[in-house]
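The values are calculated or read from the model by the stated rules, or taken from the named source; none is laboratory data. Computed from a predicted structure; not experimentally measured. All Cβ positions, even for glycine, are placed from backbone atoms using ideal geometry, and neighbour counts span all protein chains on display. For accessibility, only protein heavy atoms count, side chains too; no ligands or nucleic acids. Shrake-Rupley method; radii C 1.70, N 1.55, O 1.52, S 1.80 Å.
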Amino acid sequence: MTSKASTPQTRRPTADQLRSTLGAAYPAWVEFQALVAERVAPITPVWKFSTTWSLRIVHRRRVILYLSPRQGHFVVSFALGERAVAAAHAAKLAAGVLEEIDRAPRYAEGRGVRFPVRGNRRLVTLARLAQIKHEN
């Protein structure tokens with residue numbers, strides 16, 4: 001796998017490729033998906049290829065978040081509507097997470113916010129943000 005975890009478009013990344021690409025972040029990748037599944041059920045992971053592979057976490061037909069494997073880490077991305085942004089502030093999420101949300105560019109789909117993850121430090125907070133997105 002390359003640094004952006006790309007494989008030929010016809011083959012999604014295997015578990016071995018993910019382990020190799022993510023390295024020490026692989027356990028966080030697995031744990032994060034489990035945390036989201038506890039808060040937003042049922043979820044369906046859907047691999048998609050654009051210029052690189054990403055994993056969409058979908059509840060029914062709504063995309064809750066995107067996971068993008070990178071060399072040594074992964075990126076959790078959200079498109080948050082204004083109701084979800086207000087709910088995140090009301091939930092008093094970690095200050096650093098709220099700052100990232102407030103700085104995020106605004107698009108028609110909502111604020112596009114990305115969080116690089118190298119370990120399990122913010123997993124619970126990001127899973128809570130996924131729940132907030134689901135509820136709003």
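Below, the figures for the structure above:
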quantity	calculated
Filter result (crowded, with 16+ Cβ neighbours inside 10 Å, of a type in the set (Val, Ile, Thr) and at pLDDT 95 or above) within the range 35-57	Val36, Val40, Ile43, Ile57
Any hit, the range 37-45, residues being in contact with a strand residue (DSSP E or B) (Cβ under 8 Å, 6 or more places away or on another chain) and in contact (Cβ under 8 Å) with a residue 60 or more places away in the chain	yes
Test result for Gln71, over 17 Å from Ala127 (Cα atoms) and touching a helix residue (DSSP H, G or I) at 6+ places or on another chain (Cβ under 7 Å)	yes
Candidate set: the range 21-34, residues that are open to solvent by less than 20 Å² (accessible area, probe 1.4 Å) and in contact with a helix residue (DSSP H, G or I) (Cβ under 9 Å, 6 or more places away or on another chain); chosen: the one farthest from Trp47 (Cα to Cα)	Ala28
Residues (touching a His at 6+ places or on another chain (Cβ under 7 Å), outside any loop (DSSP other than H, G, I, E, B) and touching a residue at least 24 places away in the same chain (Cβ under 8 Å)) located in the range 77-136	Pro116, Val117, His134
Matching option when the condition is among the β-branched types (Val, Ile, Thr), open to solvent by 60 Å² or more (accessible area, probe 1.4 Å), under 17 Å from Ala34 (Cα atoms) and at pLDDT 95 or above, among Val117, Val124	Val124
Flag for His59 being over 21 Å from Pro27 (Cα atoms) and under 15 Å from the mean Cα position of the chain (by Cα)	yes
Qualifying residue in the range 106-126 (condition: at positive phi and out of contact with any Phe, Trp or Tyr (no Cβ under 9 Å at 6 or more places or on another chain))	no
Which numbered condition Arg70 fails, given (1) open to solvent by 70 Å² or more (accessible area, probe 1.4 Å); (2) farther than 26 Å from Glu135 by Cα	(1)
Meets criteria (closer than 26 Å to Pro27 by Cβ and surrounded by 19 or more Cβ atoms within 10 Å (Cβ to Cβ)) for Val76	yes
